[in-house]
1. Which condition breaks for residue 15 when tested against (1) under 17 Å from the mean Cα position of the chain (by Cα); (2) open to solvent by 30 Å² or more (accessible area, probe 1.4 Å); (3) under 18 Å from residue 81 (Cβ atoms)?
2. From 50, 75, which residue is hydrophobic (A, V, I, L, M, F, W, C) and free of Cβ contacts under 8 Å to residues at least 12 places away in the same chain?
3. Just for the stretch 46-88: of the residues that are closer than 15 Å to residue 120 by Cα and among the hydrophobic types (A, V, I, L, M, F, W, C), which one is farthest from the chain's Cα centre (by Cα)?
4. Which of the residues spanning the stretch 1-44 are under 14 Å from residue 117 (Cβ atoms) and charged (D, E, K, R)?
5. Only one of 50, 75, 92 is open to solvent by less than 40 Å² (accessible area, probe 1.4 Å), more than 14 Å from residue 7 (Cα to Cα) and among the small types (Gly, Ala, Ser); which?
6. Would you mention how many residues in the stretch 61-71 are assigned to a strand (DSSP E or B) and open to solvent by less than 50 Å² (accessible area, probe 1.4 Å)?
7. Answer yes or no: is there a residue in the stretch 89-96 that is more than 12 Å from the chain's Cα centre (by Cα), free of Cβ contacts under 8 Å to residues at least 60 places away in the same chain and in a helix (DSSP H, G or I).
8. Can you tell me how many residues in the stretch 78-89 are surrounded by fewer than 16 Cβ atoms within 10 Å (Cβ to Cβ) and hydroxyl-bearing (Ser, Thr, Tyr)?
Amino acid sequence: QVQLVESGGGLVQAGGSLRLSCAASGRTLINYTWGWFRQAPGKEREFVAAYNRGGGGTDYADSVKGRFTISRDNAKNTVYLQMNSLKPEDTAVYYCNAKRSGTTWYSVLYSWGQGTQVTVSS
């Protein structure tokens, strides 16, 4: 059974940076598109960034373009989210998951992990 373990969150001042990690136990990354999501209190989970399968590039939500960078290390079965120029509105619990090419994020492959809390103070 694949487990997703997110880490790297914390409390940071506005303008600061954090790097989140998503470790996928027992699963190689290269066959799927991997994504980061976030959920703020009282809001639905939303898409943040994706690293497309097979070198298909990356996608970002408009709200994070130019500030966040998604990457992955296949040897470590880990996906990263580098977050720079953080804003208070980035405060949320961040999650990762994967999907097959040609499907939507409504059909994620794995159970959601516990997420990692990111809090940005003003």
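1. (1)
2. Only one candidate passes the filter, namely 75.
3. 86
4. Residues satisfying the conditions are 6, 38.
5. 50
6. Number satisfying all stated conditions: 3.
7. Yes, there is a match, as at least one residue in the stretch 89-96 is more than 12 Å from the chain's Cα centre (by Cα), free of Cβ contacts under 8 Å to residues at least 60 places away in the same chain and in a helix (DSSP H, G or I).
8. 1
The values are calculated or read from the model by the stated rules, or taken from the named source; none is laboratory data. What you are looking at is a predicted structure, and each value in this text was computed from that prediction instead of being measured. As a convention, Cβ positions derive from the backbone with ideal geometry for all residues, glycine included, and neighbour counts pool all protein chains shown. Heavy atoms of the whole protein, side chains included, go into the accessibility calculation; ligands, DNA and RNA do not. Shrake-Rupley method; radii C 1.70, N 1.55, O 1.52, S 1.80 Å.
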